[in-house]
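Report on the following structure.
The values are calculated or read from the model by the stated rules, or taken from the named source; none is laboratory data. Everything quoted here is computed from the prediction, not taken from an experiment. Quick reminder, even Gly has a Cβ in these numbers, built from the backbone with ideal geometry, and neighbours come from all protein chains shown.
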Number of protein chains: 2
Amino acid sequence: MNLFKRYLPVLDWGKRYDRKTATSDLVAAVVVTIMLIPQSLAYALLAGLPPEVGLYASILPLVAYAVFGTSRALAVGPVAVVSLMTASAVGELAQQGTPEYLGAAIVLAFLSGLMLIAMGLFRLGFLANLLSHPVISGFITASGLLIASSQLKHVLGVPASGHTLYEILLSLTDHLDQVNWITLGIGTLTTAFLFWVRKDLKKRLLGFGLQPFFADVLTKAGPVAAVATTTLLSAAFALGERGVRLVGDIPSGLPMPQLPGFDSQLWMALAGPALLISVIGFVESVSVAQTLAAKKRQRIDPDQELIGLGASNVASAISGGYPVTGGFARSVVNFDAGAATPAAGAFTAVGIAFATLFLTPLLTFLPQATLAATIIVAVLSLVDVGAIKRTYAYSKSDFTAMAATILVTLFLGVEIGVVTGVSLSIALYLYRNSRPHMAIVGVVPGTEHFRNVERHKVVTGDCVLTLRVDESLFFANSRFLEDKIYALVAERPEIEHVVLMCPAVNEIDASALESLEEINHRLSDSGVSFHLSEVKGPVMDRLKKTDFLDHLTGQVFLSQYEALCTLDPLTAHISESRTPKKVAKSNVWVGPEI
Amino acid sequence: MNLFKRYLPVLDWGKRYDRKTATSDLVAAVVVTIMLIPQSLAYALLAGLPPEVGLYASILPLVAYAVFGTSRALAVGPVAVVSLMTASAVGELAQQGTPEYLGAAIVLAFLSGLMLIAMGLFRLGFLANLLSHPVISGFITASGLLIASSQLKHVLGVPASGHTLYEILLSLTDHLDQVNWITLGIGTLTTAFLFWVRKDLKKRLLGFGLQPFFADVLTKAGPVAAVATTTLLSAAFALGERGVRLVGDIPSGLPMPQLPGFDSQLWMALAGPALLISVIGFVESVSVAQTLAAKKRQRIDPDQELIGLGASNVASAISGGYPVTGGFARSVVNFDAGAATPAAGAFTAVGIAFATLFLTPLLTFLPQATLAATIIVAVLSLVDVGAIKRTYAYSKSDFTAMAATILVTLFLGVEIGVVTGVSLSIALYLYRNSRPHMAIVGVVPGTEHFRNVERHKVVTGDCVLTLRVDESLFFANSRFLEDKIYALVAERPEIEHVVLMCPAVNEIDASALESLEEINHRLSDSGVSFHLSEVKGPVMDRLKKTDFLDHLTGQVFLSQYEALCTLDPLTAHISESRTPKKVAKSNVWVGPEI
């Protein structure tokens, strides 16, 4: 029973569902449906799929999310970036327009769904953390540019292809002599109209005294108006006969649910892209869901969100759709329109199903240029130049990862772009952590405090070297620690004792333990004994389980002052009797600058 | 001039070279030469190359290392693990015994050399840190097992093949009916003899009153004795005609130095394996060099070591050899025999060159089973079961990476084994760091100290939530921080202020900054203001460069106590007036258990 509740959030909110909530959800569903119809068609086009596939991906997935998802306002369905990634992954395996291409897109959704569910069950949502914000932001900016440029061919009415910016632009210029001027006219005017709607219309409607809610709905209906107008024009003037590419016949009726067939070679080939799509889709979706939940002081459960999105993708696959995730713009619309529970999504599904059954014949004459225009206007808002500037100003390391992600995504491809960004940000993080801050410390005269010899006037003895390390010790910095200690000892022949002061060491992993053993062993070979001081309780507990302490040539001191008193009583005595001022003047006992 | 000195350590020790040093070096060179001849032949066999290639790889590379290396005692040349990796990499591209196979091995050495030099010049020695000790140890253990099993075919005298343990054992059992009994006899007896030499001989010789040095030299000469004896037997009884596979004619004479040709496809295919060989070889070599240097309180320079090993590999390639690195056993012998400078290596090179010119005709009748026996005895010492047990006892996370490395190396291959180990250890490290320790803190009554509410009796107010985070904030834990704060706020509707206490935060990367902005934004949406306290100087300096502080709904407090006095003066007042004992009794102000 508990398990049911955990994995079926619907059981929780469903119990308290009433007429008032239903009304809110219904209103939101109508608004989202109006917005989602042209989007579904356009994104299917972007993925290189027949337009009806976009509609299929907007029915069952929404129902599945309503049952398994935890966000009250998230609207799932086809989105731009995932459509681009689908086109890129499937385009390597099959020719656009073939049954194999569609089949591969369906398998991609199915695999992605299974992976998301598995990640949810095994609580692997953590994997999404590996995508740093600058890498995601850079990837989305690059995807926006790629998508916009890939749609130019539809606006120009030329055949063109390519998956990278270079290929796309090269292919476009090769075909520039074949521009269809009517298509270009429709495309340009629609783009301009949609930009105007986005930038200006709402302000004007509010100026006319319209209520904000209706002003918003009308603004979001801009693409629907563009679709209706250009479809009518195209039908009235038989533009299809003048070389304008139309959407064409869309099979009406709903697909029969069926499981995708198993083909081990295809599944293997799609496993990598499916994982990337899953993670990118999840990150996008969760950040939208969290933003909206926080506004109402609600919570979403990231692990359950994985299951919700996974179920949506499986549902998409068995109903002939392609990978889906939570979309930003439509979720905000859903939220603003008053969606109170995931049921709003289920109502939207009914709306899309209705459209699929009865409205598709009307779309036969819809020019593809219109859909391309809606995509271009939508994705250019993904390009975030401000984020690039801010990252550059804040952190050169993060900017490096971001710039690499953008350039590789644009010029080599989307999958390698993400992988490069993630690898680089991890490598840069490990690099920063591989050189932990270490300081030679001495005792502050008249106290039992120890401070960096470079920054403070402190007393040090000749025969004891005390090194404080300001980070946990692990594989990436253990060799640095070894090198540092050997170097310090090699240049100071008078040293008899090395004390490693560990107040900031939260963990010593197996590599670092071996390095400490090596340090102990090698120092003993050169006649120096090795001590530790101020080791934290949990770290000490684990060291006690090994034989490290048996072999340690020196001791483990509870406090560094105790170490000093034991190993170098003379210096300890001097530090007590001298006042800081005198020490600063005499300078004899001030540690060397390193 | 400075640059010359930096990159040519020979200029430093060469100046002070005298007759006494030369004598030490010469003695060491003789001992190492005796040990290196059978090793070179055997490891070439292991790499699937003609035996003379092993000799070529033991001449010029040693001279190059003498000029560019920094370790006084490191002996470079063919080693077991790198030979196995060469066989694995080259075996995918060409058939053993063909000129293409040899050509690919030479290119592999050349690429590896160039990569090592580049890593040295760009000071990328850090890359080696990504190999954690348990991963290296697991990889070497698995390599030892793989190598030993791959040599069984020579001991049994059957044709067999395969690169993974499963393939090798399967292929062996398929050919068991073709066992050559004479070969098996030679192989088994030689193996038994060499094991006895290794385990027992030195002790006996010492028992007979021999000086330790000579006992050691005689023990190391065991393989030479085995080679001589079996060669004589094989020649005397014409064993080659009875189906015993012999080494056969080895071209005497030295190879003409020449650059390997450029073939972009081959170079691309070998780039990945070359990188792995470079890093593994470097890690092995540096740890040997450091161990030996520490015994004499000397230092090696890891970045210059990269250049030294790189030069050795380039030298190996242009003289028809294959990848080399510093070997453990022979370096220890070199050190023990008194090698005082890298010149010992150059003298060894002369010895090997002499052997190549004059002794190779004698090796025609050497049975391959003898060489296989020397390999088996040498590599089984690489198998370190103790390390596996120790790692298991010390850290389950490190053990996971180690076990995965061993299993993948044995059953899927050496390259994927290393890559799996490295990826897994990085992933596990990031996973541990993605859940930093955080504690809700309250003020200790009568003090200005703040402590974890779960561990101490402290005073907290209802409207202020103070969370202390005990680690730097970066991409892998920033989402965890967000989730944690939203969850805490969602379950406590009375909260008006959230204070993030940052005394342990050394860095806030761009992802974490965005998370803090999101937290600030979302908390403000739900009417909660967000504050920071005890931010370190350098972190604050960077935050000041952004507009984060302008948008912050709360304040940045120098001390947490100041935050409490400002945000919740009542609780601050109560904490002053109450004694700890009273608070513990009344329990009203003790924070909730989380």
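Quick notes on this structure:
- Residues that are buried (at least 21 other Cβ atoms within 10 Å of the Cβ) and not small (Gly, Ala, Ser) were ranked within the range B:11-32; the one that is nearest to the chain's Cα centre (by Cα) is B:VAL32.
- Residue among B:VAL489, B:VAL499 that is away from chain A (no Cβ under 14 Å), buried (at least 20 other Cβ atoms within 10 Å of the Cβ) and either modelled with pLDDT of 85 or more or in contact with a Gly (Cβ under 8 Å, 6 or more places away or on another chain) (or both): B:VAL499
- Of the residues contained in the range A:324-346, one or more are found to be surrounded by fewer than 24 Cβ atoms within 10 Å (Cβ to Cβ) and at pLDDT 90 or above.
- A search for C-beta distances below 7 Å between a residue of the range A:170-183 that is over 11 Å from A:GLY157 (Cβ atoms) and any residue that is charged (D, E, K, R) and assigned to a helix (DSSP H, G or I), counting only pairs 6+ apart in sequence or on different chains, returns A:LEU172/A:LYS153.
- Lone unmet requirement of (1) buried (at least 20 other Cβ atoms within 10 Å of the Cβ); (2) part of a helix (DSSP H, G or I) for B:VAL244: (2)
- Test: residue in the range B:277-289 that is within 14 Å of another protein chain (Cβ to nearest Cβ), among the aromatic types (Phe, Trp, Tyr) and either more than 20 Å from the chain's Cα centre (by Cα) or not in a helix (DSSP H, G or I) (or both): no
- Looking across the range A:507-541 at every residue that is touching a Leu at 6+ places or on another chain (Cβ under 9 Å) and at the interface with chain B (Cβ under 7 Å from one of its Cβ atoms), the one that is farthest from A:LEU488 (Cα to Cα) is identified as A:ASP509.
- Looking across B:GLY157, B:GLY138, one residue alone is crowded, with 21+ Cβ neighbours inside 10 Å and within 33 Å of the chain's Cα centre (by Cα). It is B:GLY138.
- A single member of A:VAL90, A:VAL107, A:VAL81, A:VAL155 is touching a strand residue (DSSP E or B) at 6+ places or on another chain (Cβ under 9 Å), of a type outside the set (Asp, Glu) and touching a residue at least 40 places away in the same chain (Cβ under 8 Å), and it is A:VAL81.
- For the range B:377-402, the candidate set comprises residues that are more than 12 Å from chain A (Cβ to nearest Cβ) and modelled with pLDDT under 90; within that set, the residue that is farthest from B:TYR429 (Cα to Cα) is B:VAL377.
- Odd one out for B:ARG16, checked against (1) under 25 Å from B:THR141 (Cα atoms); (2) outside the structural domain of B:VAL217 (by TED's automatic domain parsing): (1)
Yes/no per residue for (1) in contact with a helix residue (DSSP H, G or I) (Cβ under 8 Å, 6 or more places away or on another chain); (2) buried (at least 22 other Cβ atoms within 10 Å of the Cβ); (3) more than 9 Å from every other protein chain (Cβ to nearest Cβ):
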| site | (1), (2), (3) |
| --- | --- |
| B:SER252 | yes, no, yes |
| B:ASP263 | yes, no, yes |
| B:MET268 | no, no, yes |
| B:GLN298 | yes, no, no |
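- Of all residues in the range B:185-215 being closer than 18 Å to B:THR231 by Cβ, among the aliphatic types (A, V, I, L, M) and over 32 Å from the mean Cα position of the chain (by Cα), the one that is surrounded by the fewest Cβ atoms within 10 Å (Cβ to Cβ): B:LEU189
- Candidates B:LEU36, B:LEU108, B:LEU62, filtered to the one that is touching a Gly at 6+ places or on another chain (Cβ under 7 Å), crowded, with 24+ Cβ neighbours inside 10 Å and closer than 26 Å to B:SER137 by Cβ: B:LEU36
- Among (1) away from every other protein chain (no Cβ under 14 Å); (2) surrounded by fewer than 22 Cβ atoms within 10 Å (Cβ to Cβ); (3) within 30 Å of A:PRO436 (Cα to Cα) - the single one B:HIS456 does not satisfy: (3)
- One residue alone among A:PHE126, A:PHE110 is assigned by TED's automatic domain parsing to the domain that holds A:ALA22, modelled with pLDDT under 90 and not polar (S, T, N, Q), and that residue is A:PHE126.
- For A:GLU305, the conditions (1) assigned to a helix (DSSP H, G or I); (2) surrounded by fewer than 24 Cβ atoms within 10 Å (Cβ to Cβ) all hold with the exception of (2).
- Residues of the range B:399-436 that are within 15 Å of A:GLU507 (Cβ to Cβ), surrounded by fewer than 18 Cβ atoms within 10 Å (Cβ to Cβ) and not aromatic (Phe, Trp, Tyr): B:ARG432, B:ARG435.
- Selection status of A:ILE388, closer than 29 Å to A:LEU170 by Cα and among the hydrophobic types (A, V, I, L, M, F, W, C): yes
- Meets criteria (out of contact with any Ser or Thr (no Cβ under 6 Å at 6 or more places or on another chain) and facing chain A (nearest Cβ under 9 Å)) for B:ILE440: no
- Among the residues listed as B:LEU84, B:LEU74, B:LEU93, B:LEU116, the single one being within 18 Å of the chain's Cα centre (by Cα), part of a loop (DSSP other than H, G, I, E, B) and more than 14 Å from every other protein chain (Cβ to nearest Cβ): B:LEU74
- Helices (runs of 4 or more DSSP H) contained entirely in the range A:126-200, each with at least 1 residues that are within 14 Å of chain B (Cβ to nearest Cβ): A:133-156
- Residues that are under 30 Å from B:LEU564 (Cα atoms) and at the interface with chain A (Cβ under 9 Å from one of its Cβ atoms) do not occur anywhere in the range B:413-431.
- Restricting the range A:505-525 to residues that are among the hydroxyl-bearing types (Ser, Thr, Tyr) and in contact with a helix residue (DSSP H, G or I) (Cβ under 6 Å, 6 or more places away or on another chain), the residue that is nearest to B:LEU428 (Cα to Cα) is A:SER511.
- In the range A:468-480, the residues that are within 14 Å of B:GLN290 (Cβ to Cβ) and surrounded by 22 or more Cβ atoms within 10 Å (Cβ to Cβ): A:SER478, A:ARG479
- Flag for A:GLY446 being buried (at least 21 other Cβ atoms within 10 Å of the Cβ) and more than 14 Å from chain B (Cβ to nearest Cβ): no
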